[in-house]
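A quick write-up on the structure given underneath.
The values are calculated or read from the model by the stated rules, or taken from the named source; none is laboratory data. Note that the structure is a prediction, hence the values are computed from the model and not measured. When we count neighbours, we look across all protein chains shown, and the Cβ atoms used for this are built from the backbone with ideal geometry, even at glycine.
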């Protein structure tokens, strides 16, 4: 019709370029620039700030299957990386819709401004269902995410970079995600409208040394909430340095990257720590490397497990719990040696989610018991660990609840 404006298509200001040459166009959000990473999807409905600051996501672009992200804004309390100045966590994010304006009384910053401040590159305005289906069918792809407000991109260059990236296999990222120095942790879990408490020195009952491969804050908070004095030590700490702290218990943390790569220096340490007969507990990357130290094998998963709604069965109790997960590698349950028992299993695909050593106070889980979906279905694992410590010291056990 005369005088009617023609149909127009907004110029894309962000691209996701997959290693196979697929180009997905969208609207840029967050930081500008480009980065190579693996693309995964997360099925959680809540907790986006915790997800994006989880150091286990280092080297990954997170596609959120929930369409509306940003309604609670961002604050300084809901971050999970131990060293926020270094900004360890997801390097890129993908949303379906534009970022929602914050409507929470706890919000101190709009999510877009928070993404910019943390250097996280984002893309929105795409069919995240289609991308999720693609990942389920083809596996988590290597890619480049790029954001330029002017929409100027060198497609040939981006395709070459996506194709050339080595991926997460063989990549040790724990050294990057680790805080790199020893420190004491005393912050306790968050309480509604009160914030985080502080563990007094007079309240401490046991000493836990946490090897930091990219540890999440809430893990340390739950230990403090159980009265533990926590000493956090870097990923490259030796067994002698750990034992010199005279710990009552030892914790192997979560973290990013390939467990076999990090295990080149961490597995010999873990083997020595097992020999000490001090109670030992591992989560996620710590679980995988404990498996390696015991003689099992790890494998790269097709799409990984990422979300806060995964069903896991605890064979030791027969109970099914709803857990948070974030891993792209898993312990091969068929490779578990004699004397090592599978304790937990994913009810989605049957992959290993936990193990323990017969006759030793040593166990680990693949999922994240600190993340509290369900609600708090898996917090009992921290009490299970402390009960191993208490048993060794001749103290009465806590109720696992």
Practice task
For residue 296, state whether it is in contact with a strand residue (DSSP E or B) (Cβ under 7 Å, 6 or more places away or on another chain), within 30 Å of residue 42 (Cβ to Cβ), touching a residue at least 24 places away in the same chain (Cβ under 8 Å) and assigned to a loop (DSSP other than H, G, I, E, B).
Solution key: yes
Practice task
Please work out if residue 328 is under 24 Å from residue 53 (Cβ atoms), crowded, with 21+ Cβ neighbours inside 10 Å and in contact (Cβ under 8 Å) with a residue 60 or more places away in the chain.
Solution key: yes
Practice task
For residue 349, work out the one condition from (1) surrounded by fewer than 18 Cβ atoms within 10 Å (Cβ to Cβ); (2) in contact with a helix residue (DSSP H, G or I) (Cβ under 8 Å, 6 or more places away or on another chain); (3) part of a loop (DSSP other than H, G, I, E, B) it doesn't fulfil.
Solution key: (2)
Practice task
Considering every residue within region 359-375, establish whether at least one is at negative phi, modelled with pLDDT under 95, surrounded by 15 or more Cβ atoms within 10 Å (Cβ to Cβ) and assigned to a helix (DSSP H, G or I).
Solution key: yes
Exercise for the section: Give 210, 143, 133 a once-over and let me know the one that is under 23 Å from the mean Cα position of the chain (by Cα) and in a helix (DSSP H, G or I). Expected result: 133
Fill in the blank from the handout: Only one of 80, 157, 161 is touching a strand residue (DSSP E or B) at 6+ places or on another chain (Cβ under 7 Å) and farther than 28 Å from residue 368 by Cα, namely 161
Fill in the blank from the handout: Of (1) in the same structural domain as residue 56 (by TED's automatic domain parsing); (2) assigned to a strand (DSSP E or B), residue 251 fails just (1)
Completion exercise
In region 245-270, anything over 23 Å from the mean Cα position of the chain (by Cα) and within 20 Å of residue 392 (Cα to Cα) is listed as 245, 246, 247, 248
Handout entry: So residue 186, is it under 21 Å from the mean Cα position of the chain (by Cα), within 23 Å of residue 88 (Cβ to Cβ) and in the same structural domain as residue 260 (by TED's automatic domain parsing)
Key = no
Exercise for the section: Look at region 333-343 and say how many of its residues are in a loop (DSSP other than H, G, I, E, B) and loosely packed, with under 14 Cβ neighbours inside 10 Å. Expected result: 3
Practice task
State which residue is nearest to the chain's Cα centre (by Cα) when the search covers only region 353-375 and only residues that are under 24 Å from residue 250 (Cβ atoms) and without any contact (Cβ under 8 Å) to a residue 60 or more places away in the chain.
Solution key: 353
Exercise for the section: Return a yes/no flag: does region 267-282 have any residue that is touching a helix residue (DSSP H, G or I) at 6+ places or on another chain (Cβ under 8 Å), within 15 Å of residue 56 (Cβ to Cβ) and in contact (Cβ under 8 Å) with a residue 24 or more places away in the chain. Expected result: yes
Fill in the blank from the handout: Taking region 283-302 and keeping residues touching a helix residue (DSSP H, G or I) at 6+ places or on another chain (Cβ under 7 Å) and surrounded by fewer than 18 Cβ atoms within 10 Å (Cβ to Cβ) leaves 297
Problem - Residues of region 100-133 that turn out to be farther than 17 Å from residue 71 by Cβ, buried (at least 17 other Cβ atoms within 10 Å of the Cβ) and out of contact with any helix residue (DSSP H, G or I) (no Cβ under 9 Å at 6 or more places or on another chain), as a count - result: 6
Exercise for the section: State yes or no: is residue 389 farther than 16 Å from residue 210 by Cα and either surrounded by fewer than 22 Cβ atoms within 10 Å (Cβ to Cβ) or modelled with pLDDT of 95 or more (or both)? Expected result: no
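Listed here are the residues, each with its yes/no results for (1) free of Cβ contacts under 8 Å to residues at least 60 places away in the same chain; (2) outside any strand (DSSP E or B); (3) outside the structural domain of residue 57 (by TED's automatic domain parsing); (4) closer than 14 Å to residue 347 by Cβ.
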| residue | (1), (2), (3), (4) |
| --- | --- |
| 292 | yes, yes, yes, no |
| 309 | no, no, yes, yes |
| 317 | yes, yes, yes, no |
| 320 | yes, no, yes, yes |
Fill in the blank from the handout: Within region 62-79, the residues that are part of a loop (DSSP other than H, G, I, E, B) and crowded, with 21+ Cβ neighbours inside 10 Å are 69, 70, 73
Practice task
Could you tell me whether residue 197 is part of a strand (DSSP E or B), out of contact with any helix residue (DSSP H, G or I) (no Cβ under 6 Å at 6 or more places or on another chain) and at pLDDT below 95?
Solution key: yes
